[in-house]
Amino acid sequence: MDLSPSRRTLLKGAAALAATPVTGFPAVHAAEPVTLRYLGTAVSQSSDIAKKVKEDLGIILEYIPVVTDEVTKRAVTQPNSFDLIDTEYFSLKKILPSGNLSGLDAKRIKLADKITGVFTKGEVNGKKIGDQGTAPRKVFYLEGQNAKTFASAPTEWLTLIPTTYNADTLGIRPDLIKRPVESWKDLLSPDFKGKASILNIPSIGIMDAAMVVEASGDYTYGDKGNMTRAEIDRTIKVLIEAKRAGQFRAFWQDFNESVNLMASGETVIQSMWSPAVTKVRAQGVPCVYQPLKEGYRAWAQGFGVPKTLSGKKLDAAYDFINWFLSGWAGAYLNRQGYYSAVLETAKEHMQPYEWAFWMEGKPAEKDILGPDGTLIEKAGATRDGGSFEQRMGSVACWNAVMDENTYMVRKWNEFIAA
Amino acid sequence: MSGLTFPLPPVGRGRGGGGADGTAPLDPDPPPPPAPPHKEEESRVAPFRPRRSLAYLQAAPLALVFLIFLVIPLVLTGIVSLWEYNEYAIIPALTLQNYADLFDGCLSADLCTTLRTYLSTVKFVVLTLAITLPLGFAIAYFLAFHIRSGTVRMGLFLLCTIPFWTSNVIRMISWIPLLGRNGLINDTLRALGLIRQPIEGLLYSDFAVVLAFVHLDTVFMIVPIFNSLARIDRRLIEAARDAGASGAQILWNVILPLTKPGIAIGTIFVTTLVMGDFVTVGVMGGQQIASVGKVIQVQMAYLQFPAAAANAMVLLAAVLLMILGLTRMIDLRREL
């Protein structure tokens, strides 16, 4: 029964990867395919992953791609419209109290104990990393399966199983800037008047602004990811002054806007996401994801399941999550410049030179290709920011939902109207 | 919107009114308003009871559609605007806090966010109207009076609607490569030696926003004005000419008064489109310019539905006031 073509191609694939051990795949669901409605952002919803999962497990993924805020909104307002959610960890502060998510049983996640310390302990190789904001560590465990509160110590119930995470910084156009950029405060430097941009997603934009304020030495926040009203006022005031002085060329809200602003030279320095930098470079335009001395603003997202999921679909969700951690998908995401939850398995699915480039920060031995075969870097190039340890180890804060979120959004609107 | 207030008049009467209209503008002054109400009274008294209930019956389907898709959602929005909310839930409790937040600081000397946002939006309405109205009128006039062949006229008219074959956003975005810092216009001017530094204000500015609005909305002016112009009895113009009126006088005293309904409808279209817009302002203004629609969108994205609802109610009131002002100037009911 199970010797379907998909199984055979899988074995062939495994053989091709020589030393790769197959980490106990669950039974193939080919007999009666299960469809999982997968709610998330386009970041990790690739058709290649869907194809591979169909081959390996016989599970059909039906992607529901929406923007980050919409994922949260759906999770809260339409919990029956999906079977699997891929959401940011900071959204949990909104979703969990709604009671629509069910904790995941760590015993059913085979590689649960292999998930990187970034999530479980807030550490990279034993070194503590920035904890401000909604660090995944703080919202990783639940008191019980249906608990609405987070557990402070490890339990067997997990909120989300990490899919992707990364460390964000400023993108710059070195060819148009012609001077070193070392600090977040350069975003508001008069040198770049009329050529800077910040993202118009209040909860993330304000943290970039807070990095700038702190870098300029004006003020040190208790927690950039959870400001007091006075701190919000202070941050917004800095932004409004900069806006009135004509510092910003435009604000951006989605990935492609940020790519266009940078590629066309409308902006030379701006908040940016890693794959956007890659995309600008793919157009032949020099663009650097500049590491800054104050560190990175990090984000992470992961899989969760709605409370209503049961039976076959729930089993399929666990199978899919286990498959996702088993290496192929992790390697796929690593090759795009993201990081995967279980590094060991991803490594097994990457060529040594790829691993050296993406994860160890070493110069590329050969041309580096993306998952779709496009050239990302020529041989000899190194990754901006260096190794996994250097990048994730320098995280200063995490994307967050503040306690004063409502007030913050109101003040942000004031900034836009100023 | 206005359809709700109209279900009363029987269908036949509208046409009778149109005929009466045709003769009216021969006078330099519009006819005195008392006449139509008088007629209305007559027609209200005259019909027998069965005919009256028939009229209600005829209006019922539309009224029902409006009830389900307009009145009920509006009432719900109004109710939600009085509720409390937190990060993940809305709480059915009566509060005016959402409105208080909305107008927070509006009494101080510095303009509050809401007022600033509305002023900015109203500014775009005025600018867009100031351009689309003359432009739309000129194009409609050309189509209606200068094109003799009906086929050519229809062809040109359809040409005006071609932009609608693509989406709003695409039409907007196509301006960006043209207007950008290193865009076509700046590059050309630089190549010609006319400027040294690129003109920054072309893109992500008020100018860009107005340009896009004119591009997107002029056709909403053209269509109703063209419709009004096409219905003008040509003999009126001949009569005016025979009576010795100059071209300008004919335009001002004959054509313009007869086009008023078209102008009013076009103005309502453009006003509501600009008031409620947030995509154009966002894309062309580089997200740096506030708009009421954008504020509502942000609040929705952050699950602050009651706040967004309160904002929507205020926006609705503002737009209704503007339209009310407009209908004070032009009695649409009479003119149609």
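Is there a residue in the range B:34-53 that is at pLDDT 80 or above and either open to solvent by 90 Å² or more (accessible area, probe 1.4 Å) or within 14 Å of chain A (Cβ to nearest Cβ) (or both)? Taking every residue of the range B:34-53 in turn, at least one turns out to be at pLDDT 80 or above and either open to solvent by 90 Å² or more (accessible area, probe 1.4 Å) or within 14 Å of chain A (Cβ to nearest Cβ) (or both).
Considering each residue of the range A:258-269, count those that are facing another protein chain (nearest Cβ under 8 Å) and either open to solvent by 10 Å² or more (accessible area, probe 1.4 Å) or in contact with a strand residue (DSSP E or B) (Cβ under 7 Å, 6 or more places away or on another chain) (or both), and give that number.
As a first pass, look at the range A:258-269 and keep what is facing another protein chain (nearest Cβ under 8 Å): A:260, A:264-266.
Filter once more, so that each one left must be either open to solvent by 10 Å² or more (accessible area, probe 1.4 Å) or in contact with a strand residue (DSSP E or B) (Cβ under 7 Å, 6 or more places away or on another chain) (or both): A:260, A:264, A:266.
Residues flagged as facing another protein chain (nearest Cβ under 8 Å) and either open to solvent by 10 Å² or more (accessible area, probe 1.4 Å) or in contact with a strand residue (DSSP E or B) (Cβ under 7 Å, 6 or more places away or on another chain) (or both) within the range A:258-269 amount to 3.
Do the conditions hold for B:GLN249, that is, is it in a helix (DSSP H, G or I), within 14 Å of chain A (Cβ to nearest Cβ), open to solvent by 20 Å² or more (accessible area, probe 1.4 Å) and not hydrophobic (A, V, I, L, M, F, W, C)? For B:GLN249, the condition - in a helix (DSSP H, G or I), within 14 Å of chain A (Cβ to nearest Cβ), open to solvent by 20 Å² or more (accessible area, probe 1.4 Å) and not hydrophobic (A, V, I, L, M, F, W, C) - is not met. A:ALA418 satisfies every condition listed in (1) farther than 24 Å from A:PHE90 by Cβ; (2) of a type outside the set (Asp, Glu); (3) open to solvent by less than 10 Å² (accessible area, probe 1.4 Å) except (3).
The number of residues in the range B:215-234 being over 20 Å from B:THR272 (Cβ atoms) and surrounded by 17 or more Cβ atoms within 10 Å (Cβ to Cβ) comes to 2. On inspection, B:PHE278 does not qualify as touching a residue at least 60 places away in the same chain (Cβ under 8 Å) and open to solvent by 10 Å² or more (accessible area, probe 1.4 Å). A:GLY99 fulfils the conditions (1) under 30 Å from A:MET211 (Cβ atoms); (2) within 14 Å of another protein chain (Cβ to nearest Cβ); (3) open to solvent by less than 30 Å² (accessible area, probe 1.4 Å) except for a single criterion, (1).
State whether one or more residues within the range A:149-156 are surrounded by fewer than 22 Cβ atoms within 10 Å (Cβ to Cβ) and under 15 Å from A:GLY304 (Cβ atoms). Within the range A:149-156, one or more residues are surrounded by fewer than 22 Cβ atoms within 10 Å (Cβ to Cβ) and under 15 Å from A:GLY304 (Cβ atoms).
Filtering the range B:174-192 down to residues that are among the small types (Gly, Ala, Ser) and open to solvent by 60 Å² or more (accessible area, probe 1.4 Å), which residue is farthest from the other protein chains (Cβ to nearest Cβ)?
Initially, the range B:174-192 is screened for residues among the small types (Gly, Ala, Ser), giving B:174, B:180, B:183, B:191.
When the remaining residues are screened for being open to solvent by 60 Å² or more (accessible area, probe 1.4 Å), the result is B:174, B:191.
Details: B:SER174: 13, B:ALA191: 17 Å.
Looking at the filtered set, the residue picked out is B:ALA191.
Of all strands (runs of 3 or more DSSP E) completely enclosed by the range A:28-137, which ones contain at least 2 residues that are at pLDDT 95 or above, in the same structural domain as A:ASN399 (by TED's automatic domain parsing) and among the acidic types (Asp, Glu)? Because the criterion is at least 2 residues that are at pLDDT 95 or above, in the same structural domain as A:ASN399 (by TED's automatic domain parsing) and among the acidic types (Asp, Glu), no strands (runs of 3 or more DSSP E) in the range A:28-137 meet it. Every condition in (1) without any contact (Cβ under 8 Å) to a residue 40 or more places away in the chain; (2) within 30 Å of B:ALA290 (Cα to Cα); (3) part of a loop (DSSP other than H, G, I, E, B) is met by A:ARG179 except one, and the failing one is (2). For the range A:223-257, a residue qualifies if it is over 20 Å from B:VAL279 (Cβ atoms), out of contact with any strand residue (DSSP E or B) (no Cβ under 6 Å at 6 or more places or on another chain) and not aliphatic (A, V, I, L, M), and the qualifying residues are A:ASN226, A:THR228, A:ARG229, A:GLU231, A:ASP233, A:ARG234, A:THR235, A:LYS237, A:GLU241, A:LYS243, A:ARG244, A:GLY246.
Screening A:LYS93, A:LYS110 for residues that are more than 14 Å from chain B (Cβ to nearest Cβ) and open to solvent by 30 Å² or more (accessible area, probe 1.4 Å) leaves exactly one candidate, A:LYS110. Candidates in the range A:50-86 are the residues that are surrounded by fewer than 21 Cβ atoms within 10 Å (Cβ to Cβ), charged (D, E, K, R) and over 23 Å from the mean Cα position of the chain (by Cα); of these, the one that is nearest to the other protein chains (Cβ to nearest Cβ) is A:LYS54. Among the residues making up the range B:252-275, a single one is open to solvent by 20 Å² or more (accessible area, probe 1.4 Å), among the β-branched types (Val, Ile, Thr), out of contact with any Leu (no Cβ under 7 Å at 6 or more places or on another chain) and more than 18 Å from B:ALA138 (Cβ to Cβ): B:THR272.
Taking each residue of the range B:195-214 that is within 11 Å of B:GLY285 (Cβ to Cβ) and looking for partners that are surrounded by fewer than 16 Cβ atoms within 10 Å (Cβ to Cβ) with beta-carbon atoms closer than 6 Å, six or more apart or interchain, yields B:PHE207/B:GLY201. Among the numbered conditions (1) of a type in the set (A, V, I, L, M); (2) more than 30 Å from B:SER174 (Cα to Cα); (3) away from chain A (no Cβ under 14 Å), the only one that B:VAL210 does not meet is (2). Cβ-Cβ distances below 6 Å connect the following pairs, each with a first residue in the range A:396-418 that is closer than 11 Å to A:ASN226 by Cβ, a second residue that is charged (D, E, K, R) and not in a helix (DSSP H, G or I), and a separation of six or more residues or different chains: A:CYS397/A:LYS224; A:CYS397/A:ARG297.
Can you tell which of A:SER189, A:SER197 is within 14 Å of chain B (Cβ to nearest Cβ) and among the hydroxyl-bearing types (Ser, Thr, Tyr)? From the options A:SER189, A:SER197, the qualifying one is A:SER197. For the range A:164-183, state whether one or more residues are touching a strand residue (DSSP E or B) at 6+ places or on another chain (Cβ under 6 Å) and among the aromatic types (Phe, Trp, Tyr). Yes - at least one qualifying residue is present in the range A:164-183.
Take the range A:205-230 and flag every residue that is within 14 Å of chain B (Cβ to nearest Cβ) and either open to solvent by less than 10 Å² (accessible area, probe 1.4 Å) or at positive phi (or both). Spell out the reasoning first.
In the first step, residues of the range A:205-230 are kept if they are within 14 Å of chain B (Cβ to nearest Cβ); the result is A:205-206, A:226, A:229.
Answer for the range A:205-230, where residues must be within 14 Å of chain B (Cβ to nearest Cβ) and either open to solvent by less than 10 Å² (accessible area, probe 1.4 Å) or at positive phi (or both): A:GLY205, A:ILE206.
To keep it simple, each residue is scored yes or no on (1) in contact with a Gly (Cβ under 7 Å, 6 or more places away or on another chain); (2) assigned to a loop (DSSP other than H, G, I, E, B).
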residue	(1), (2)
A:TYR332	no, no
A:THR345	yes, no
A:LYS362	no, yes
A:GLY386	yes, yes
A:GLN390	yes, no
A:ALA400	yes, yes
A:TYR407	no, no
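Among the residues of the range B:154-172, is there at least one that is within 14 Å of chain A (Cβ to nearest Cβ), touching a residue at least 40 places away in the same chain (Cβ under 8 Å) and over 30 Å from B:ARG235 (Cβ atoms)? Yes, the range B:154-172 contains a residue that is within 14 Å of chain A (Cβ to nearest Cβ), touching a residue at least 40 places away in the same chain (Cβ under 8 Å) and over 30 Å from B:ARG235 (Cβ atoms).
Against the definition (outside the structural domain of B:VAL283 (by TED's automatic domain parsing) and out of contact with any strand residue (DSSP E or B) (no Cβ under 9 Å at 6 or more places or on another chain)), how does B:LEU96 come out, yes or no? Judged against the criteria, B:LEU96 is a match. Checking B:ARG196, B:ARG235 one by one, the residue that is basic (Lys, Arg) and part of a helix (DSSP H, G or I) is B:ARG235 and no other. Only residues that are in contact with a helix residue (DSSP H, G or I) (Cβ under 6 Å, 6 or more places away or on another chain) and not in a helix (DSSP H, G or I) were counted in the range B:137-170, giving 1.
Consider A:ARG297 carefully, then state whether it is outside any helix (DSSP H, G or I) and among the basic types (Lys, Arg). Show your work before the answer.
Details: outside any helix (DSSP H, G or I): yes; among the basic types (Lys, Arg): yes.
When the stated conditions are applied, A:ARG297 passes them.
Kindly provide the set of residues from the range B:104-143 that are within 14 Å of chain A (Cβ to nearest Cβ) and among the polar types (S, T, N, Q), ordered by number. Explain how you work it out, then say what you get.
Of the range B:104-143, the ones within 14 Å of chain A (Cβ to nearest Cβ) are B:104-106, B:108, B:110-124.
Across the range B:104-143, the qualifying residues are B:SER108, B:THR113, B:THR114, B:THR117, B:SER120, B:THR121.
The values are calculated or read from the model by the stated rules, or taken from the named source; none is laboratory data. Not measured: the values here are computed from a predicted model. Methodologically, a virtual Cβ is constructed for each residue, glycine included, from the backbone with ideal geometry; neighbour enumeration extends over all protein chains shown. Heads up: the accessible areas ignore ligands, DNA and RNA and are worked out on the full protein's heavy atoms, side chains in. Shrake-Rupley method; radii C 1.70, N 1.55, O 1.52, S 1.80 Å.
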